[in-house]
Amino acid sequence: MTVLVIAEHDNNELKPGVAQAVTAAGLAGGETHVLVAGANCSAAAAAAARLQGVARVLLCEATHYADGGAENLAALLATLAPGYSHLLAAATPFGKNLMPRLGALIDVAPISEIVAVEGPSSFVRPIYAGNVLVKVDSTDAIKVLTVRATAFAAAGDGGAAGIEAVPAGPDLAVSRVIGREIVKSERPELTAARVVVSGGRGMGSGENYHKVLEPLADRLGAALGASRAAVDAGFAPNDYQVGQTGKIVAPELYVAVGISGAIQHLAGMKDSKVIVAINKDPDAPIHQVADYGLVGDLFEAVPALVKELGG
Amino acid sequence: MKVLVPVKRVIDYNVKVRVKSDGSGVDLANVKMAVNPFDEIAVEEAVRIKEAGIATEVIAVSCGAAVCQESLRTALALGADRAILVESDIELQPLAVAKLLKAVCDKEQPTLVICGKQAIDDDANQTGQMLAALMNRPQGTFASKVVLGDGKVQVTREVDGGLETVELTLPAVVTTDLRLNEPRYATLPNIMKAKKKPLETTSPAALGVDVAPRLSHSRFAEPPKRSGGKKVADVAELVAKLRNEAKVIA
Ligand SMILES: Cc1cc2nc3c(=O)[nH]c(=O)nc-3n(C[C@H](O)[C@H](O)[C@H](O)COP(=O)(O)OP(=O)(O)OC[C@H]3O[C@@H](n4cnc5c(N)ncnc54)[C@H](O)[C@@H]3O)c2cc1C
Ligand SMILES: Cc1cc2nc3c(=O)[nH]c(=O)nc-3n(C[C@H](O)[C@H](O)[C@H](O)COP(=O)(O)OP(=O)(O)OC[C@H]3O[C@@H](n4cnc5c(N)ncnc54)[C@H](O)[C@@H]3O)c2cc1C
């Protein structure tokens, strides 16, 4: 049994989630290999080789893998799949785009967002916005999985796996990236942050969102997040959305400001270690999951909190 | 050109589900059902493409039990021209659904298929990508903007860090994200009209598709409850608790 982890990377570094996927791979099977496909991505391959538990890194370089598009990558993976018992990737937009496509190409029913490995063919995954956990058993000979990164510890550094070049597949030339609007942030990555400060509709405007929340996030070294309502209203960018249909986070501390706590939002943050809610409505559902609920006007409470923290 | 939109009947997003006491499944008896919200967005997008004079026909397809006709009537009321029900009484898993949709597409030859990015019951987020693979066509997942051109479609996708725009060769499969559009409400006259629109029924057997499940689901359980609900009186108490009790800040 050998497991292949598909690494998401920016050519130089691995993206958050890869190290957790390697941990899940170790629980699922025997030896773990990591595929790093891209263009000029040997630095990312070297990073993968340093992850503990990785026995071999496959490096596949071609310009048509540079964009991480699912069409060419799935075709490549379909040729590698027969050598593996499991193929898995983190459940990020990259992994969610790619793995089902691979599954269909090799006639395997993929399993999305596993949160536990109970055996080589047995996994646990959340359904219904995280309100139900279900055991899923696969009868397929090869398993295709995505992994919820917050449910697994990250594999540490200190490994020294060999890196082996593998030949590229053909360029299908049916899809190409023609534009990118990527916002570079100085803040920690939302899904990997130790502290997350999220704002909801209660912020009232994009200006308030930044003016009120940034000092708190700065003081706590936090990533910023948002409810869907806040994103839809344009207070925050789309990739700030926490929830069932956005990002899943499980930081040590989650501070929900002006967020009511709809089940779709809770689905994305209720595994946080400590939850703080700041909401003027004492009956808002967010208070039911919060370890510490502060009932009050956020426009007074948040600046006061920053002050109390000695910001 | 034709646009095909798969629609799934799911539990209404406001309903909080309960697990059956024996852990054998989720209690769906007498629960309010609705069209998957992402699929309403997909229907809306398809109808707008038709209203813009680009598409000639919008076809809604659902796979599942006879009651899925309700979801198809909703799609018709929102502006789809006709509907196809692939009737099956066994639970259909995403791979089986993708194969059924592929068989329907082989017949209908749509230029564009617009799926929801995920169904809010099973949260699999798989079907559109699998359909694209089975048809050997490109995919534009998690779309927040779709612009059709000559033989191509530009899809702006919600990805980590922001947005990415891809240009795909048609035919192609697109899956909708929340911010693609705001679906219209079905008006009463349109609901009445929808009752007269054609709805054809077929079956996995007629389409020659093996829908046998590959995955088995068991031991349904609710995740451990949080013991939340405590209130603090003021900011000073909050900070003291975070420092000394929870120990999450320095
Ligand atoms: C298909 C689908 C998918 C969805 N996916 C997601 C998802 O992934 N993530 C997500 O978050 N939502 C999601 N939603 C939306 C979800 O149902 C809620 O609508 C949304 O989470 C509400 O956001 P909110 O809490 O910011 O807004 P509201 O529910 O309007 O809550 C605002 C809160 O702010 C408080 N408030 C207002 N002013 C102040 C003030 N001055 N001081 C203190 N408190 C104040 C109010 O008391 C209220 O509780 C989804 C919905 C659907 C249908
Ligand atoms: C509680 C529970 C129990 C289950 N038990 C079983 C079981 O015992 N046996 C079994 O075989 N399966 C079972 N399933 C599997 C389940 O029926 C399938 O997973 C589901 O139909 C497809 O997954 P999805 O909708 O999340 O796919 P997604 O990939 O999330 O759906 C994305 C999009 O694909 C399209 N789509 C998906 N399904 C359909 C459809 N039916 N018709 C038209 N379009 C569609 C829609 O556009 C949708 O927005 C169970 C699922 C749940 C939630």
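Excluding same-chain residues fewer than 8 positions from B:K241, which aspartates and glutamates have a Cα within less than 17 Å of its Cα?
Those aspartates and glutamates meeting the cut-off are A:E252, A:D291, A:E308.
Taking a temperature of 37 °C and a viscosity of 0.692 mPa s, what whole-number D in µm²/s does Stokes-Einstein yield for segment A:197-244 with Rh from Kirkwood over alpha carbon pairs?
317 µm²/s
What does the charge count around B:K195 come to, taking other residues whose C-beta lies under 12 Å from its C-beta (Lys +1, Arg +1, Asp -1, Glu -1)?
Net charge around B:K195: +3.
Which FRET efficiency value, to the nearest 0.05, is calculated for B:N14 and B:A250 with the Förster distance at 35 angstrom and r the Cβ-Cβ distance?
Efficiency, from the Cβ-Cβ distance: 0.30.
For A:S260, what is the net charge nearby, where nearby means another residue's Cβ is under 13 Å from its Cβ and Lys, Arg count +1, Asp, Glu -1?
Once positives and negatives cancel, what remains is +1.
Compute, for segment A:189-305, the length of the dipole vector about the Cα centre, with Cβ point charges of +1 (Lys, Arg) and -1 (Asp, Glu) only. Units Debye, rounded to 20.
140 debye
Among all the lysines, which ones have a C-alpha under 20 Å from A:K15's C-alpha, if same-chain residues fewer than 8 places away are not counted?
The qualifying lysines are A:K96, A:K184, A:K247.
At 37 °C and 0.692 mPa s, grab the translational diffusion coefficient of segment B:1-109 from Stokes-Einstein with a Kirkwood Rh over Cα pairs, rounded to a whole number in µm² per second.
It diffuses with D of about 221 µm²/s by this estimate.
Determine the dipole magnitude for the protein assembly as shown: charges of +1 sit on the beta-carbon of Lys and Arg, -1 on that of Asp and Glu, nothing else is charged, the reference point is the Cα centre, and the result goes in debye to the nearest 20.
The calculated dipole for the protein assembly as shown is roughly 720 debye.
Taking beta carbons within 10 Å but only from partner chains, what does the mean come to for residues B:241-249?
The per-residue average across the peptide is 5.
Once amide H atoms are placed 1.01 Å from N in the peptide plane, what residues at a sequence separation of 5 or more from B:T141, or on another chain, have their amide H within under 5 Å of its amide H?
Excluding prolines and chain starts, which carry no amide H, the hits are B:T175.
Taking the radius of gyration and the Kirkwood hydrodynamic radius from Cα positions alone, what is the Rg/Rh ratio for the protein assembly as shown, to two decimal places?
0.96
Of the candidates A:N72, A:N97, A:N131, which one comes out as most mobile in a Gaussian network treatment of chain A with C-alpha springs shorter than 10 Å?
A:N131
For segment B:106-250, report the translational diffusion coefficient in µm²/s to the nearest whole number, using Stokes-Einstein at 25 °C, 0.890 mPa s, and a Kirkwood Rh over Cα pairs.
Calculated translational D: 120 µm²/s.
Give me P(r) over segment B:83-176, computed from all C-alpha to C-alpha distances, binned every 10 Å, as integer percentages.
Taking every Cα pair in segment B:83-176, the percentages come to 16, 47, 30, 6, 0.
Can you tally the net charge around B:V26? Count Lys and Arg as +1, Asp and Glu as -1, for every other residue whose Cβ sits under 13 Å from the Cβ of B:V26.
Counting the neighbours of B:V26, the net charge comes to -3.
Can you grab the distance from the C-alpha centre of segment B:195-250 to the C-alpha centre of segment B:104-121, Å, no decimals?
25 Å
For chain B, take N as its residue count and report Rg(C-alpha) divided by 2.2 N^0.38 Å.
Computed over Cα atoms of chain B, the ratio equals 1.18.
Tabulate in residue order the Karplus-calculated ³J(HN,Hα) for segment B:174-185, using 6.51 cos²θ - 1.76 cosθ + 1.60 with θ = phi - 60°, rounded to whole Hz; enter x for Gly and Pro.
Computed from phi, the couplings for segment B:174-185 are 10, 10, 8, 9, 5, 9, 5, 6, 10, x, 6, 8 Hz.
If Rh is defined by the Kirkwood formula over all Cα pairs and Rg also comes from Cα, what ratio Rg/Rh do you get for segment A:140-275?
Checking Rg against Rh, the ratio lands at 1.08.
Residue by residue through segment B:103-112, what is 3J(HN,Hα) from phi via Karplus (6.51 cos²θ - 1.76 cosθ + 1.60, θ = phi - 60°)? Round to whole Hz and write x for glycine and proline.
Those phi angles translate into 5, 5, 5, 4, 6, 7, 6, x, 7, 9 Hz.
Calculate the mean, over all residues of peptide B:218-229, of how many other protein chain Cβ atoms lie within 10 angstrom of the residue's Cβ.
Per residue, the average neighbour count from other chains is 6.
Which of the listed residues, A:V274, B:S203, B:N30, is farthest toward the dipole's positive end in the protein assembly as shown, when Lys, Arg count +1 and Asp, Glu count -1 at the beta-carbon?
Value: B:N30.
Could you identify which residue out of B:A83, B:A133, B:A172 has the top mean-square fluctuation in a GNM of chain B using Cα springs shorter than 10 Å?
B:A133
Output needed for segment B:43-85: three equivalent-ellipsoid semi-axes, defined as square roots of 5 times the C-alpha gyration tensor eigenvalues, in descending order, whole Å.
Ellipsoid semi-axes (Å, largest first): 21, 9, 7.
Can you tell me the length gained on complete extension of the stretch B:A52 to B:D27, counting 0.36 nm per residue apart and subtracting the Cα distance?
Taking B:A52 through B:D27 to full extension adds about 4.7 nm, to one decimal.
Using unit Cβ charges (K, R positive; D, E negative) and no other charged atoms, how large, in debye to the nearest 20, is the dipole of chain B about its Cα centre?
I would put it at about 440 debye.
Holding the Cα-Cα limit at 21 Å, pick out from B:K117/B:K145; A:K270/B:K8; B:K50/B:K197 the pairs that are longer than that.
A:K270/B:K8
Quick check: residue separation of B:D234 and B:D210 times 0.36 nm, minus the Cα distance between them. What number comes out in nm?
That pair, B:D234 and B:D210, stretches by 2.5 nm at full extension.
By what distance, in whole Å, do the Cα atoms of chain A stretch along each of the three principal axes, largest value first?
60, 39, 39
Under a 10 Å cutoff between Cα atoms, tell me which one of A:A37, A:A45, A:A192 has the largest fluctuation in the Gaussian network model of chain A.
A:A192
Read the figures in this text as sums done on the coordinates, not as results from a lab. A quick note: this is a predicted structure, and the numbers were derived from the prediction, not measured. When we count neighbours, we look across all protein chains shown, and the Cβ atoms used for this are built from the backbone with ideal geometry, even at glycine.
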